[in-house]
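Read through the structure below, which is laid out as structure tokens, and then see the notes.
The values are calculated or read from the model by the stated rules, or taken from the named source; none is laboratory data. Computed from a predicted model, the values in this text were never measured in an experiment. When we count neighbours, we look across all protein chains shown, and the Cβ atoms used for this are built from the backbone with ideal geometry, even at glycine.
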Amino acid sequence: MAKNSVDAYGASGKTNLLFFDPDQLVLVTDVASPLYDPRVDLPVNEDLARNIDFHGVLQPISVVKNTETGETEVAVGRQRVKAARLANEWRRTRGEQPIQVPAQVYRGDRRTALTAIIGENELREADTPLGRAEKMRRVMAIGYSETELATIFGCSAATVHATLALLDCCADVRKAVENARINVTHARQLSKLPPAQQREKVRELVAAGANVAGHARARAQREALGERVPRMRSRKEIVHELELSSGERAAALRWVLNLQQEGGE
């Protein structure tokens, strides 16, 4: 005779999960409600939506029944619900079955729901860059591409490539990234160097960013890497640079070209 799930897993007990169409769940926008969280107004995280489209919603949300309206309101998990709605738009366009959101009933006092929201969002410990890189390596080892990893990890393919480069770096570079003294993009560039040169260069980068912050730090570390970008004055120079650029820099260069076209060269 088959065991029930409690016996099979050696659990102490179980609760029932509920499943919802995300469009039927209510995201509270009334600032006077104990369920209100200003992050409800954040734009939908498309990386999360792609991940949900790929995997479904893996972590259940928490819901509360509003006894006055009869509606089911989200206590914890607003961003998952919003991302699931977007993922379902994509799935309907492809003619695929929409995703449902698993949920558990929030058992705490409605008046203190805010403390649960804070605990859910503030007390999590993010993975380290090196830990993330190792997970990416393991996922690639079972046959996934960098593009698929970007969906799974909720980031761009460029971030996947830069993060994986950490695994080719010496210990000094890895430690600098883990301590947030340089970023993964720096590490990707250093990974192309022999270990001795990596150690020398990372010391220069850490020293360059030691007493500055923000844009000043980024600029100092770019210069330490020898990335001083020459000023471009002619349209021909800008077009040439655009051909070699991508992302935000390419967008900025296209904006400059449009200004030149309107104002003349």
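Is there any pair linking a residue in the range 146-166 that is under 19 Å from Val177 (Cβ atoms) to one that is of a type in the set (Phe, Trp, Tyr), with Cβ under 7 Å and at least six apart or on different chains, and which? Note: pairs meeting the criteria are Val160/Phe153. In the condition set (1) acidic (Asp, Glu); (2) within 24 Å of Asn16 (Cβ to Cβ); (3) at pLDDT below 90, Asp47 is compliant with all but (2). Apart from one condition, Val28 fits all of (1) over 24 Å from Asp109 (Cα atoms); (2) within 27 Å of the chain's Cα centre (by Cα); (3) in a loop (DSSP other than H, G, I, E, B); the exception is (1).
In the range 219-242 there is at least one residue that is within 22 Å of Ser156 (Cα to Cα), charged (D, E, K, R), at pLDDT 70 or above and within 26 Å of the chain's Cα centre (by Cα). Screening Val81 with (1) exposed (fewer than 14 other Cβ atoms within 10 Å of the Cβ); (2) touching a residue at least 24 places away in the same chain (Cβ under 8 Å) gives one miss only, at (1). Looking only at the range 46-66, decide whether some residue is in the same structural domain as Val105 (by TED's automatic domain parsing), under 15 Å from Thr29 (Cα atoms) and outside any strand (DSSP E or B). Within the range 46-66, one or more residues are in the same structural domain as Val105 (by TED's automatic domain parsing), under 15 Å from Thr29 (Cα atoms) and outside any strand (DSSP E or B).
Considering only residues in the range 138-182 that are within 24 Å of Gln198 (Cβ to Cβ) and among the β-branched types (Val, Ile, Thr), the one that is surrounded by the fewest Cβ atoms within 10 Å (Cβ to Cβ) turns out to be Thr159. Set side by side, the residues Ala75, Ala49 differ, and just one is more than 13 Å from Gly154 (Cβ to Cβ), touching a helix residue (DSSP H, G or I) at 6+ places or on another chain (Cβ under 7 Å) and surrounded by 16 or more Cβ atoms within 10 Å (Cβ to Cβ), which is Ala75. Restricting Gly95, Gly13, Gly70 to residues that are in a loop (DSSP other than H, G, I, E, B), of a type in the set (Gly, Ala, Ser) and under 28 Å from Cys155 (Cα atoms) narrows the list to Gly95.
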